[in-house]
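Student: Input: one structure, supplied below.
We did not get these values from a lab; they are worked out from the coordinates using the rules stated. The structure presented is a predicted model; accordingly, all values stated were derived computationally and were not measured. Don't worry about glycine lacking a Cβ; one is built from the backbone with ideal geometry, like all the others, and counts go over all protein chains shown.
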Amino acid sequence: MTQSGKSDRVENPVAQSHGATMGRLICTSIARYGPRIALVDDRVSWTYAELGEQIGKAMDVLRSSGLERGQGIAILSANRCELVAVEYAAMLLGLSYTALHPMAAQDTHEFILADSGVRMLLVDADVLKWPLRGVRERIPSLRKVFALGAVDGAEDFAAAMAGATVAPLRDEAKADDVVRLFYTGGTTGKPKGVMWPHRVMLAVTVLQGIDWELSAQPRFLAVTPVSHASGAVIPTVLSRGGSVRLTKGFSAEGFCALVREEGIDSTFLVPTMIYLLLDHLKRTGERLEGLDTIMYGAAPMSPDRLREGMERLGPIFCQLYGQTEAPMCITTLRKGDHDPNNAQILASCGYPTPLVSVVLLDEENRPVEPGRPGELCVRGPLVSNGYWNRPDANEKSFSGGWLHTGDVAVRSPEGYYTIVDRTSDLIITGGFNVYPSEVEDVLNADPAVALSAVTGVPDPKWGEAVTAFLVVKPSESVDLEALRARIRTARGAIWVPKEFHIVDEIPLTAIGKIDRKALGSLLSRKREVTDGANGD
């Protein structure tokens, strides 16, 4: 080394000329595992070789549509094999892919299309809930609109694929190309596009292979939308020569049938799905033989219900923690970490994964003292390139060389991190800080409670009043006084909700998180009904 800190070693220009890409990973899997089953949905079953043919045809369609490297496509679809083929074709061509969530509204979809500047839109006729006619006039960047199925205002994608030539699977992308422009949920405002270069998706794939303890050749069931977390698992499964079963939507009965009949050994579920599954298994007494991995994440899970799941299904649970800006693999709570006798570890989101650095910072970006809560911040190859056309948001979220997640966490002496809550969800009541999850963990431990949600409601005395919403299990009743006493004992008087509301369902975001913004509207509707009944 010289005094300037520069190396005297001559850098290898070949090593610098190309970086790894997701397209190369996909091409390797297709070449290596050709005759094995790769993808299955409710209509078709494709081997790796057949997936390669479909990707080649999709590449020809995209090229024929005038798309060039650096431009983008968007897809609105339920889980189906064609979605995966088109996404991977875009990867190979150096295009970015933007997923439109099937449960989002037209305004959200059209905002994302306009903001991202995508050139092509592909929609699934079974999912589309708004009229496409005139969308190209409303979104000037759009050049092509295709549909799977008959949709007024769109070209037939199946016909285009039928007439396409199978292009060679040649990787034309560069390592720094944006492979996904992934929009946040937008519960606190307009969605923001998060830029994932190939580096991010490769880091996700590597970390899943290291930390998730999947079988040698997984048989993975994708029940959550592959436009989100499940889609990021597929390359990991394919890299191991496994198969992915795509299905539309979740029901406990349907899930159990697929596990039983198709030999499923792994899946990803959000906590609300796991609760429904456990309630179903308790009623039926069914056991899911062969299922050896349930990845869970996207929202906190009740330690008591997690313990119930382990008692019923065994040590098969693996928790992931991440966010759109650093997806899925910031921390992992591995199967062996799930100690049923250690509630503190069960409540944690695990240990940092090998490719990231994690720190807890205070409001002045200083590390907090051990055992104190701070904002969880992360850096490393898992972290995205920032927000598309949002310099102000970039400056706030990526200041000081760290991604500021907005999640408040505490680190245990053993190195496990527990998310206390979102900084934006904090309730300040009577001058004290209350995080909703602190109350929800106690509520969800009640055997009569299927799901709970806690939020702060403006209050002239307290500033914000802690308010709880409960979904009660069928044929059960809840003792509110006993709940109040339990919270007072577990947390303290400040944490006891001022109001409890029994509801049929808790509003959730499109990816299964509690929609706290919608809880206020739910409370307003309940009060309107009450006032009307009282003749006000």
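Student: Report the percentage of all Cα-Cα pairs in segment 317-371 whose separation exceeds 19 Å, rounded to a whole percent.
Tutor: 40 percent
Student: Kirkwood Rh over alpha-carbon pairs of segment 30-91, then Stokes-Einstein at 10 °C and 1.306 mPa s: what D in µm² s⁻¹, rounded to an integer?
Tutor: The diffusion coefficient I find is 129 µm²/s.
Student: Bin width 5 Å, alpha-carbon pairs only: give the P(r) of segment 151-279 as whole percents, running from 0 to the bin holding the largest distance.
Tutor: Binned Cα distances yield the sequence 2, 8, 13, 15, 17, 18, 14, 9, 3, 0.
Student: With labels modelled as points extended 7 Å from the Cα through the Cβ direction, what inter-label distance (nm, one decimal) is found for Thr28 paired with Glu395?
Tutor: Spacing of the two 7 Å Cα→Cβ label points: 4.1 nm.
Student: Moving on to the next point. Using +1 at the C-beta of Lys and Arg and -1 at the C-beta of Asp and Glu, which of Gln54, Asn79, His101 has the Cα lying farthest in the positive direction of the dipole of segment 29-112?
Tutor: Highest projection toward the positive end goes to Gln54.
Student: Translational diffusion coefficient, Stokes-Einstein: compute it for segment 258-353 using the Kirkwood radius over C-alpha pairs as Rh, at 25 °C and 0.890 mPa s, and state it as an integer in µm² s⁻¹.
Tutor: So the translational diffusion coefficient is about 179 µm²/s.
Student: For Lys498, go through the lysines and keep the ones whose alpha-carbon is under 26 Å away, minus same-chain ones fewer than eight residues off.
Tutor: Of all the lysines, those that pass the test against Lys498 - Cα under 26 Å, at least 8 places apart if same chain - are Lys461, Lys473, Lys513, Lys517, Lys526.
Student: Per the Kirkwood definition applied to all pairs of different Cα atoms, how many angstroms is the hydrodynamic radius of segment 207-278?
Tutor: 12.5 Å
Student: For Glu364, project a label point 7 Å along Cα to C-beta. Then give me every residue of segment 381-423 with its amide nitrogen under 13 Å of that point.
Tutor: Zone members listed by number: none at all.
Student: What nm distance separates the two modelled labels at Ala158 and Ile210, each placed 7 Å from Cα along Cα→Cβ?
Tutor: So the label points at Ala158 and Ile210 sit 4.4 nm apart.
Student: With viscosity set to 1.567 mPa s and temperature to 4 °C, compute the Stokes-Einstein D of segment 278-428, Rh being the Kirkwood radius across alpha carbon pairs; µm²/s, no decimals.
Tutor: Translational diffusion coefficient: 78 µm²/s.
Student: Here's a follow-up. Using a basic spin-label model with each label point 7 Å from the Cα along Cα→Cβ, how many nm lie between Arg63 and Leu426?
Tutor: Each label point is offset 7 Å from its Cα along the Cβ direction, giving 5.5 nm.
Student: To check you understand DSSP bridge types, tell me what percent of the beta bridges within the chain (both residues inside) are antiparallel, rounded to 5.
Tutor: 55 percent
Student: Measuring from the lowest to the highest alpha carbon on each principal axis, how far does segment 118-180 reach, largest first, in angstroms?
Tutor: Largest to smallest, the principal-axis extents are 36, 27, 19 Å.
Student: Restricting to Cα pairs below 8 Å that are 6+ residues apart, what does the relative contact order work out to for the chain? Please round to a whole percent.
Tutor: On the way: 1047 pairs, mean separation 54.4, N = 536.
Once divided by the residue count of the chain, the mean separation gives 10 percent.
Student: May I pose another question? Would you please give the FRET efficiency between Asp42 and Ser251, computed as 1/(1 + (r/R0)^6) with r the Cβ-Cβ distance and R0 = 22 Å, to the nearest 0.05?
Tutor: According to the calculation, E is roughly 0.95.
Student: Can you spot the lysines whose alpha carbon is less than 21 Å from Lys144's alpha carbon? Ignore those fewer than 8 places along the same chain.
Tutor: The reachable lysines, counting only those whose Cα sits under 21 Å from Lys144, are Lys57, Lys129.
Student: Report the Rg/Rh value for segment 276-323, based on alpha-carbon coordinates and the Kirkwood definition of Rh. Numbers along the way, then the final one.
Tutor: Values: Rg = 11.2 Å, Rh = 11.6 Å.
For segment 276-323, the value is 0.97.
Student: Along its principal axes, what span do the Cα atoms of the chain show, with the longest given first and each in whole Å?
Tutor: Reported extents, whole Å, longest axis first: 69, 68, 49.
Student: What is the distance in Å between the Cα centroid of segment 87-103 and that of segment 359-423?
Tutor: Their Cα centres are 28 Å away from one another.
Student: Something else now. What is the distance in Å between the Cα centres of segment 34-65 and segment 307-331?
Tutor: When both Cα centres are located, 30 Å separates them.
Student: Report, in deg cm²/dmol and to the nearest 500, the calculated mean residue ellipticity at 222 nm for the chain, where each DSSP H run with n ≥ 4 adds -39500 (n - 2.57) and the sum is divided by the residue count.
Tutor: Dividing the helical sum by the residues of the chain leaves -10000 deg cm²/dmol.
Student: Then there is this: So what's the net charge close to Lys396: Lys and Arg +1, Asp and Glu -1, counting the other residues with Cβ under 13 Å from its Cβ?
Tutor: On the way: positive: Lys192, Arg390; negative: Glu325, Glu363, Glu375, Asp392, Glu395.
Its environment carries a net charge of -3.
Student: Sticking with this one: Could you list, bin by bin from short to long, the percent of Cα-Cα pairs of segment 31-183 in 10 Å steps?
Tutor: Going out from 0 Å in 10 Å bins, segment 31-183 shows 11, 42, 37, 9, 1 percent.
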